[in-house]
Amino acid sequence: MKKAILNVLCIMFAAVLLFGCAAADNTPTTEANQAPTESATMAEAQIPAGNAQTGDPNEEYVFACMQSGIEYWNQHRNAMYDATTELGVKYSFYGTEGADANEIVDLLETIISKKPAGIITAGYFPEAFIPIFQKAWDEGIPIATTTIDVPDSKRLVFLGTNYYNYGRMMADTAAEACDATGKVIISTMLNSGQQTQFDIVNGIKDCIAEKYPNMSIVAQLEDEGNAEVVVQVVSSALQAHPDTAAIIGTDSSSGIGSAAALREVGLQGKVAIVCMDRDVPTLEAIKEGSIYATLAGKQYAEVYYAVKFLYDFNHNKVPLVADNKASNVIAQPMTCDPGAVIVTAANVDAFLEYDINDVRDPNFK
């Protein structure tokens with residue numbers, strides 16, 4: 001099981017999120033170049049006067065991730081910076097260079113030893129994380145998970161997407177694009193073993209079966225999360241089904257790869273593509289018309305509200321008893337799904353104009 005999950009994460013972060021890694025080191029870091037430095041400071045002057053609370057400047061919230069040198073994490077860093085600045089506290093951003101379970105567990109051990117006010121991380125390795133989350137809880141350090149949950153653990157809250165609902169949203173969007181009629185090809189990466197992929201595909205299938213009797217899934221392809229493979233498998237499927245009405249791609253590479261496949265077989269503009277993620281190539285393809293729509297996740301919102309959940313728990317902002325934390329009582333919701341935004345030609349300019357990877361923290365180098 002652990003090996004399967006590790007393989008999933010390697011694929012997800014190596015092929016799907018379109019990144020490059022930084023120099024190797026598994027020590028806690030706060031810089032993209034992996035240099036082990038101290039936590040980022042508040043820089044309260046960066047927000048309008050009156051927006052910041054007067055908090056304890058020594059109260060620290062920590063984000064822990066794998067492969068921390070990649071651009072993908074910048075929106076998470078911005079969320080940490082914004083939320084802690086508003087609260088008048090501080091944050092740290094720690095990460096490992098690789099995708100190894102032992103490295104991230106060791107990192108969490110190190111973070112716990114520093115006694116932060118709270119920790120935010122994705123539940124990359126649920127089995128390995130259960131005991132380390134228990135240790136943090138026993139030492140009075142609440143943990144919030146984002147993106148990937150560890151449901152049978154002592155995490156305070158999970159803020160992340162219900163990927164089955166993602167699949168249903170994608171099916172509805174594809175139906176809109178093709179007037180709820182015609183053949184559908186699904187390009188996915190189930191061979192990775194990633195549960196989110198299974199959830200998305202099940203959502204697509206169930207939605208089409210329940211709501212769209214004039215739509216039929218004629219091919220389900222394995223694309224390995226690799227754009228070149230997407231071109232190959234989708235081109236072959238299109239040759240077998242040239243009257244396809246829509247392609248639904250369940251990973252970041254599937255949109256761009258499917259668009260290239262349509263050009264290769266001469267069907268550009270005749271098949272609607274619905275895919276995932278808000279990378280610039282995908283957004284540009286929507287603007288120029290080769291992709292119909294993509295689903296953009298709300299990773300910033302997940303992390304921003306995770307900080308607020310942890311802070312409110314620590315400061316009894318949602319009292320159910322006299323002191324929730326001292327009584328081990330959790331008054332807040334324990335799961336929160338921020339959902340996703342459908343990006344089409346109608347709103348793509350707003351996404352292209354906003355650089356989600358522009359780090360706002362003036363202390364970040």
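Taking other C-beta atoms within 10 Å as the exposure proxy, Ile356, Ile247, Ile111 rank Ile356, Ile111, Ile247 from fewest upward. The orientation-averaged shadow of the Cα convex hull for region 163-297, equal to a quarter of the hull surface, comes to 6.8 nm².
Taking other residues whose beta carbon is less than 13 angstrom from the beta carbon of Pro281, and scoring Lys, Arg as +1 and Asp, Glu as -1, yields -2. Could you please state, rounded to a whole Å, how far the C-alpha centre of region 215-256 is from the C-alpha centre of region 120-145? Each part's Cα centre sits 38 Å from the other's. Sequentially through region 245-261, phi angles give Karplus couplings (6.51, -1.76, 1.60; θ = phi - 60°) of 9, 8, 10, 10, x, 9, 9, 4, 6, 5, x, 4, x, 5, 4, 5, 5 Hz, Gly and Pro residues having no value and appearing as x.
Over all other residues within a Cβ to Cβ distance under 13 Å of Ile342, the charged ones net out to 0, with Lys and Arg as +1 and Asp and Glu as -1.
Each label point was placed 7 Å from the Cα along the Cα-to-Cβ direction; for Lys114 and Asn102 their separation is 2.3 nm. Taking each residue as 0.36 nm, the span from Asp56 to Ala345 lengthens on full extension beyond its C-alpha to C-alpha distance by 99.5 nm.
Quick one: go through region 86-120 and flag any residue whose amide nitrogen is under 17 Å from the point 7 Å out along the Cα-to-Cβ line of Lys135. Residues 95-96, 100-120 fall inside that zone.
Residues whose amide H comes within less than 5 Å of that of Asn162, counting only those at least five positions distant or on another chain, are Gly339 (H built at 1.01 Å from N in the peptide plane). Among beta bridges identified by DSSP and lying wholly in region 229-355, the antiparallel ones come to about 40 percent.
I'd like to know which of Ala346, Asn226, Thr110 lies farthest towards the positive end of the charge dipole of the chain, counting +1 on Cβ of Lys and Arg and -1 on Cβ of Asp and Glu. Towards the positive end, the residue furthest out is Ala346. Relative contact order of region 163-297, taken over Cα pairs closer than 8 Å and 6 or more residues apart, is 26 percent. Contact order for the chain, expressed relative to its length and based on alpha carbon pairs under 8 Å spaced 6+ residues apart, stands at 18 percent. Stretching the chain fully between Ile356 and Asn316 yields a gain of 11.2 nm (0.36 nm per residue, less the alpha carbon separation). [x] 45, 20, 19; [y] 32, 28, 18; [z] 39, 21, 20: which one is semi-axes √(5λ) of the Cα gyration tensor in Å as calculated from this entry? Derived directly from the coordinates: [z]. Put in order of Cβ neighbour count within 10 Å, fewest first, the listed residues Ile141, Ile342 become Ile342, Ile141.
Among Val280, Val157, the ranking by other beta carbons within 10 Å of each residue's beta carbon, starting with the fewest, stands as Val280, Val157.
For the chain, the mean residue ellipticity at 222 nm estimated from helices alone is -12000 deg cm²/dmol, where every DSSP H run of n ≥ 4 contributes -39500 (n - 2.57) and the total is divided by all residues, rounded to the nearest 500. Pairing the Cα long axis of helix 163-177 with the longest principal axis of the chain, what angle in degrees results, from 0 to 90 and rounded to the nearest 10? Relative to the chain, helix 163-177 is tipped by roughly 40 degrees.
Taking amide hydrogens as placed 1.01 Å from N in the peptide plane, the amide H of Ile291 sits under 5 Å from those of Ile286, each at least 5 positions away in sequence or on another chain. Relative to the longest principal axis of the Cα atoms of the chain, the long axis of helix 299-314 lies at roughly 30 degrees. Relative to the longest principal axis of the Cα atoms of the chain, the long axis of helix 195-211 makes an angle of roughly 50 degrees.
Exceedance of the 22 Å cut-off in Cα-Cα distance is limited, within the set Lys114/Lys317; Lys183/Lys211; Lys205/Lys298; Lys298/Lys325; Lys211/Lys298; Lys135/Lys298, to Lys114/Lys317; Lys205/Lys298; Lys298/Lys325; Lys211/Lys298; Lys135/Lys298.
No value in this document is a laboratory result; all are computed from the given coordinates. Note that the structure is a prediction, hence the values are computed from the model and not measured. Please note: Cβ atoms are built from the backbone with ideal geometry, for glycine as well, and neighbour counts cover all protein chains shown.
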